[in-house]
Amino acid sequence: MSEVIVITSGKGGVGKTTTSANIGTGLAALGKKVVLIDTDIGLRNLDVVMGLENRIVYNLVDVIEGTCRIKQALIKDKRYPGLFLMPSAQTRDKTAVTPGQMIKMISFLRDQFDFIILDCPAGIEQGFQNAIAAADHAVIVTTPEVSAIRDADRVIGLLEANEIAKMECIVNRVRPEMVRRGNMMSVDDVIDILALPLLGAVPDDENVVIATNQGEPLVGTATMAGRAYRNICARLLGEDVPLLHFDNSRHVLAKLGGVFRKGQGAKL
Amino acid sequence: MRRLFRPKKTRAIAKGRLKILLISDRVNCSPQMMELLKNDISKVISKYMKIDEQQMEVQIGQTDGNGRRSERKPVLYINMPILEIGKTGIS
């Protein structure tokens, strides 16, 4: 039985596309058959984050309009045997697709894949409605900032109204050093406010930028973000993986401080 | 020493602001309606005791629902200082 997961956030720029790319790649690395679908029509980006932008022939709108068969629009990622991308259209807009058409297309894909990951556009308009229409499970990405959390809360309300029963949250771009100094909300603070189960927390890691520059998802690498994404994928497969413990104390003074503040390192 | 120079942690400020903001976002109740409600409540209470209408606060909050979103319920908080009790026409 396949699972359809929508990656959403409300606010733009919190890391939906990066999260989608890493979850899709991570699940494929764990042996699952995965299709990533970029539902952001007019502003496609998942293809560049995945490093597959030069291989696009057909796209999501071509499939919906019947210009090509589903298989022709699926780009096979050569790095993993079970990983595919359906790119979005760059020259069209959100009105080119309806929620009913998305449900129909995804019902065809369910037979062939273990996971269908939908990268949702920012906002709560038609693009969002298209992306959530066929989802079984929603992953809400947020950062520890007031604007992102407010938008996440609004999106959660809309997902509840659309009867998406399974919802989990990823807290992205956490800076443990700032949390420790009392200048950033912690993962626990965010979960307390949103009252959703936590799927994982990802540190603000410069390796994400380096990976995106090269079109190589970093899931599974030895970087902090790579390990955090790997754990998120394992949790999606039902494994009980504890949160990463990330001690960011680089300076001698911070380390000395750490002795007196035993056990207070931020958990990721 | 550090605390002397940094009076308030912004982490706590952010969390406090969000908690209040999200309650009004979720309840979706207009400031006009809150003002009408406040006026009506103060009229009713004034029949029985003298209250300080300037200091009166009416706010919608919510129960914590033991951390579960579905179990949170909205609650109406009314804070109204009493100036005099028993100075009414009712005995």
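Every read-out reported here was derived from the displayed coordinates using simple, explicitly stated rules and does not represent laboratory data. Computed from a prediction, not measured in an experiment: that's the story for all the values here. When we count neighbours, we look across all protein chains shown, and the Cβ atoms used for this are built from the backbone with ideal geometry, even at glycine.
The set of residues in segment B:37-82 being surrounded by 12 or more Cβ atoms within 10 Å (Cβ to Cβ), over 30 Å from residue A:197 (Cα atoms) and of a type in the set (A, V, I, L, M, F, W, C) consists of B:37, B:41, B:45, B:49, B:51, B:56, B:58, B:78, B:80. The helices (runs of 4 or more DSSP H) falling completely within segment A:118-213 that include 3 or more residues that are facing chain B (nearest Cβ under 10 Å) and without any contact (Cβ under 8 Å) to a residue 12 or more places away in the chain map to A:146-161.
Checking each residue in segment A:199-222 for being in contact with a helix residue (DSSP H, G or I) (Cβ under 7 Å, 6 or more places away or on another chain) and either farther than 21 Å from residue A:13 by Cβ or of a type in the set (Asp, Glu) (or both) picks out A:205, A:220.
The lone criterion from (1) under 28 Å from residue A:116 (Cβ atoms); (2) in a loop (DSSP other than H, G, I, E, B); (3) touching a helix residue (DSSP H, G or I) at 6+ places or on another chain (Cβ under 7 Å); (4) not aliphatic (A, V, I, L, M) left unmet by residue A:229 is number (2). The residue that is nearest to the other protein chains (Cβ to nearest Cβ), among those in segment A:98-117 that are part of a strand (DSSP E or B) and of a type in the set (A, V, I, L, M), is A:117.
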